[in-house]
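Here is the structure we will look at, set down as structure tokens.
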Amino acid sequence: MSARLLDGQALAVRLQQEITPQVAQFTARYGRPPGLAIVLVGQNPASEVYVRNKLKAGSGVGFRADLERLPEAASLGDVLALVERLNRSEAHDGILVQAPLPKGLGGDAAARVFDAIAPEKDVDGFTPTNVGLMVQGRPALVACTPSGIIELLVREGIQIAGRRACVVGRSDIVGKPMALLLLQRDATVTVCHSKTPDLPGVCREADILVAAVGRAGLMTRSFVKPGATVIDVGMNRVTDAAVARALFPAGHPRLARFQERGSLLVGDVHPDVADVAGALTPVPGGVGPLTVTMLMMNTLRAARARAEGART
Ligand code: NDP
């Protein structure tokens with residue numbers, strides 16, 4: 001069997017084409033475009049790439065998309081003051097603080113900064129208010145990666161209700177909200193983590209398997225029920241030649257690319273899983289582009305809610 005490829009990149013392009021005229025309508029109606037502010041503290045190279053992609057996507061659909069930079073040496077007070085300013089800004093409907101924050105800000109910095117974002121501008125869906133609303137199944141701004149995965153499953157016609165789903169990973173930004181969204185759509189959900197005994201056996205029960213771990217190629221064929229839908233959230237930069245060789249056979253184009261560049265972006269799912277799964281998201285080009293697109297959707301939604309609220 002060779003799994004059907006779930007092309008997140010193509011869906012992201014389609015969704016952005018759907019959003020663009022809605023953004024133009026908003027701008028015409030309210031005399032300003034929806035505004036997204038992205039806060040970047042320090043100089044993490046991966047964060048620079050993610051932020052650039054988000055800003056480009058934002059401008060692409062017609063938003064005002066602003067980068068608010070703070071230096072590596074910024075204090076927690078500086079970051080909180082910036083968030084407060086953006087909370088009050090009339091021009092910004094969405095605020096995203098790019099993680100990770102510099103270690104020097106302290107272990108609880110991310111929680112304190114995310115908690116400070118006004119829930120109505122929390123387009124990442126990380127504040128306790130939005131998480132609580134989502135848990136109760138009430139309207140909320142929901143974390144972008146899991147909501148992008150639901151959009152992909154729905155648009156690809158993959159049935160969720162009544163199916164067994166297994167989410168591997170229990171982070172606040174991916175695993176937990178993913179499990180809740182699947183539950184709300186009537187899947188029977190199991191959540192696995194680093195202490196789960198017999199992980200392959202548990203995963204093999206799943207009709208929909210979501211891997212959100214951060215370990216290159218962890219999920220091999222033995223984790224997958226034949227015909228299952230496998231969603232690979234992992235984004236792992238491989239720089240070790242032995243790891244690259246364990247993932248791709250000699251002569252594989254991706255191994256050749258690794259040899260050229262010295263690194264490769266891979267998921268948590270071993271490429272051999274394509275022989276067993278019914279449908280599979282690639283890395284890159286699967287979940288990642290949808291995450292960015294859902295950020296656009298959340299920003300438009302936040303903008304509409306603010307504009308409607310201001311009119312009433
Ligand atoms: P975290 O590190 O916060 O969470 C990882 C989870 O995986 C934890 O719950 C951990 O368990 C679990 N885990 C770790 N090792 C194992 C193991 N050997 N077996 C089973 N479970 C294990 O990661 P995130 O949720 O933030 O991200 C996960 C991956 O998704 C990363 O590769 C990240 O880069 C990627 N990502 C991709 C996005 C996209 O847009 N494509 C967006 C966000 C993340 P425990 O809780 O017990 O420690």
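The values are calculated or read from the model by the stated rules, or taken from the named source; none is laboratory data. Note that the structure is predicted; figures quoted are calculated from it, not measured. Counting neighbours? That spans all protein chains shown, and the Cβs are built from the backbone with ideal geometry, glycine included.
Cβ-Cβ distances below 8 Å connect the following pairs, each with a first residue in region 126-140 that is outside the structural domain of A99 (by TED's automatic domain parsing), a second residue that is of a type in the set (D, E) and not in a helix (DSSP H, G or I), and a separation of six or more residues or different chains: F126/D172; T129/D122; N130/D122; V131/D172. Would you point out the residue of region 211-224, among those that are under 17 Å from A274 (Cβ atoms) and buried (at least 19 other Cβ atoms within 10 Å of the Cβ), that is farthest from the ligand (Cβ to nearest atom)? If we take residues in region 211-224 being under 17 Å from A274 (Cβ atoms) and buried (at least 19 other Cβ atoms within 10 Å of the Cβ), then V224 is farthest from the ligand (Cβ to nearest atom). Helices (runs of 4 or more DSSP H) wholly in region 125-187 with at least 3 residues that are surrounded by 24 or more Cβ atoms within 10 Å (Cβ to Cβ) - which ones? Of the helices (runs of 4 or more DSSP H) lying wholly inside region 125-187, those with at least 3 residues that are surrounded by 24 or more Cβ atoms within 10 Å (Cβ to Cβ) span 144-155, 175-184.
The residue that is farthest from the ligand (Cβ to nearest atom), among those in region 197-210 that are part of a loop (DSSP other than H, G, I, E, B) and in contact (Cβ under 8 Å) with a residue 24 or more places away in the chain, is D207.
Taking residues in region 166-180 that are under 19 Å from D198 (Cβ atoms), and partners anywhere that are more than 6 Å from the ligand (Cβ to nearest atom) and among the basic types (K, R), the pairs with Cβ atoms closer than 9 Å and at least 6 places apart or on different chains are C166/R204; V167/K176; G169/K176; R170/K176. The single condition among (1) part of a loop (DSSP other than H, G, I, E, B); (2) surrounded by 24 or more Cβ atoms within 10 Å (Cβ to Cβ) that I231 does not meet is (1).
When V292 is tested against (1) of a type in the set (V, I, T); (2) within 23 Å of the chain's Cα centre (by Cα); (3) more than 10 Å from the ligand (Cβ to nearest atom); (4) assigned to a helix (DSSP H, G or I), only condition (3) is not met.
One residue stands out among those in region 252-289 that are outside any helix (DSSP H, G or I) and touching a helix residue (DSSP H, G or I) at 6+ places or on another chain (Cβ under 7 Å): the one that is nearest to the ligand (Cβ to nearest atom), which is G286. Here is the figure for region 112-124: residues that are within 19 Å of S171 (Cβ to Cβ) and part of a loop (DSSP other than H, G, I, E, B) total 3. Going by the conditions given, is V154 within 16 Å of the ligand (Cβ to nearest atom) and modelled with pLDDT of 95 or more? Considered against the rule, which asks whether it is within 16 Å of the ligand (Cβ to nearest atom) and modelled with pLDDT of 95 or more, V154 comes out as no. For region 234-251, how many residues are more than 10 Å from the ligand (Cβ to nearest atom), at negative phi, exposed (fewer than 14 other Cβ atoms within 10 Å of the Cβ) and not in a helix (DSSP H, G or I)? Residues in region 234-251 being more than 10 Å from the ligand (Cβ to nearest atom), at negative phi, exposed (fewer than 14 other Cβ atoms within 10 Å of the Cβ) and not in a helix (DSSP H, G or I): 4 in total.
Taking the numbered list (1) under 24 Å from A118 (Cα atoms); (2) surrounded by fewer than 21 Cβ atoms within 10 Å (Cβ to Cβ) in turn, A65 passes all entries but (2).
Taking the numbered list (1) touching a His at 6+ places or on another chain (Cβ under 7 Å); (2) surrounded by fewer than 17 Cβ atoms within 10 Å (Cβ to Cβ) in turn, A99 passes all entries but (1). Criterion first (closer than 29 Å to A161 by Cβ, among the acidic types (D, E) and out of contact with any Gly (no Cβ under 7 Å at 6 or more places or on another chain)) does E205 satisfy it? For E205, the condition - closer than 29 Å to A161 by Cβ, among the acidic types (D, E) and out of contact with any Gly (no Cβ under 7 Å at 6 or more places or on another chain) - is met.
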